[in-house]
Structures are given as structure tokens and as C-alpha cells.
1. Checking Leu71 against (1) modelled with pLDDT under 90; (2) closer than 30 Å to Glu112 by Cβ, only one condition comes out false. Which one?
2. Right, Ser18: small (Gly, Ala, Ser) and farther than 19 Å from Leu126 by Cα or not?
3. In the stretch 103-118, is there at least one residue being hydroxyl-bearing (Ser, Thr, Tyr) and either at pLDDT below 90 or closer than 28 Å to Gln10 by Cβ (or both)?
4. Within the stretch 1-49, track down each residue that is under 16 Å from Ser70 (Cα atoms), modelled with pLDDT of 85 or more and out of contact with any Phe, Trp or Tyr (no Cβ under 9 Å at 6 or more places or on another chain).
5. Please pick out the residue among Ile98, Ile106 that is under 11 Å from the mean Cα position of the chain (by Cα), surrounded by 15 or more Cβ atoms within 10 Å (Cβ to Cβ) and in contact (Cβ under 8 Å) with a residue 24 or more places away in the chain.
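The values are calculated or read from the model by the stated rules, or taken from the named source; none is laboratory data. What you are looking at is a predicted structure, and each value in this text was computed from that prediction instead of being measured. All Cβ positions, even for glycine, are placed from backbone atoms using ideal geometry, and neighbour counts span all protein chains on display.
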Amino acid sequence: MYLIRDFQTQIQMDYQISLIDQEEHTEEWLFYLDKVAKFGLTNGIIRGGVTRILYDRRFIQQEETHTRMSLALSKGTTPLEAAYWITGFLHGSGLILIHDPYLWNILDQWVEGVPYEAFRDILPVLRRTFTRFPKAEREQMMKLSKKKNQVVEEAKSESLNLHPERGARVVGTLQMILGG
């Protein structure tokens, strides 16, 4: 197989493999995508998008997805690269954030920790990502951002070391990103 060079190619190839519907090809494809997702020098959009495909196809489980998102948004990743990873991961739908409070909290905690100067640079990327979601999804996310404490409880966030009072400070920023 050859290296995926852009995000649209990755989506088209995944669709074509699913049409073939042969277990051998599907397993080989998903194994290859897993390697791409783990390769740190690959573009963040591609790594995020591949991670989402692997999750949607049930090649990786929820816990592994949480781990990969945590790593992609860790302090060792530049804010811009992390924003690109989010763009790939959320391509097409943000429902995963609405239905998985743990992922929501990882993203929320990351946004909270991005330095102001870097945030100005990544805001256009995040805004483009979130404004592509249907209005109903954005509204649900807005509600989640306002009910931070409830979301934290649902995710059993004691392991995330979240600070609700700090989170309350980013509600305005989330409203700006979500276009609310």
C-alpha cells in the first residue's frame, strides 16, 4: 500500500475498501491505517481522521481512542498540530463529543490549557472545524459547555484532574469557537 497523502484520499480509500467488503482486505487496510495513526510525523489531520475511522470501524475501542486523543492533545504536541488532529478526528460530525463525555473533557481541558498567543493562531482552524457541524450539534455542544460540572461527573473526571472553576472561564471561548 502507498502512503496516504491527503485527507480526502483517506476517506475515499476507506469508502472503497468498505464497498469491496472482503475481510482480508478490510483487516489489511485497518492495520495499515493504525500504523499511519501512530506515526508521529504524519500530518495531524490525517492522524486524527484515521483514528476516527479506526474507532468508527471498531478496530480500536473507546479506551484506546481516549488514549490517542489525550496523546494528540498533550503538552508535547504543538497547539496547531493538535488543532489539526481535532479537525481530522471530527471531520463530518462532532456527535462523538456529545455522546462521549470523556472525549469532551479531554478536548475541554486542552482548550483550557492552550496559551492565549497560540490560541489566536489555532482559532481559525477550530472555528472552521466546528462551524461545519449542523446547527443542532453546535447547540448541543453549547449546552454541554454550559453544564460543565455535569459533564465532568458523567466522565468520572477525577482521573482527568479537571478544575471546574477554571473550566467556567473558557465558556466564552467555546461560544466563540462554536459560533454561539
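1. Just one mismatch for Leu71, condition (1).
2. Numbers: small (Gly, Ala, Ser): yes; farther than 19 Å from Leu126 by Cα: yes.
It is true that Ser18 is small (Gly, Ala, Ser) and farther than 19 Å from Leu126 by Cα.
3. Looking only at the stretch 103-118, we keep the residues that are hydroxyl-bearing (Ser, Thr, Tyr), and these are 116.
If we keep only those that are either at pLDDT below 90 or closer than 28 Å to Gln10 by Cβ (or both) as well, we get none.
No, that holds for no residue.
4. Keep residues of the stretch 1-49 that are under 16 Å from Ser70 (Cα atoms), which gives 37-40, 44-45, 47-49.
From what's left, modelled with pLDDT of 85 or more: 37-38, 44-45, 47-49.
Listed by number, the residues that qualify are Ala37, Lys38.
5. Details: Ile98 fails: under 11 Å from the mean Cα position of the chain (by Cα).
Of the residues listed, the single one that is under 11 Å from the mean Cα position of the chain (by Cα), surrounded by 15 or more Cβ atoms within 10 Å (Cβ to Cβ) and in contact (Cβ under 8 Å) with a residue 24 or more places away in the chain is Ile106.
One line per residue, one yes/no per condition, for (1) in a loop (DSSP other than H, G, I, E, B); (2) under 16 Å from the mean Cα position of the chain (by Cα); (3) in contact (Cβ under 8 Å) with a residue 40 or more places away in the chain:
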{"site": "Leu19", "(1), (2), (3)": "no, no, no"}
{"site": "Thr26", "(1), (2), (3)": "no, no, no"}
{"site": "Lys35", "(1), (2), (3)": "no, no, no"}
{"site": "Gly49", "(1), (2), (3)": "no, yes, yes"}
{"site": "Arg68", "(1), (2), (3)": "no, yes, no"}
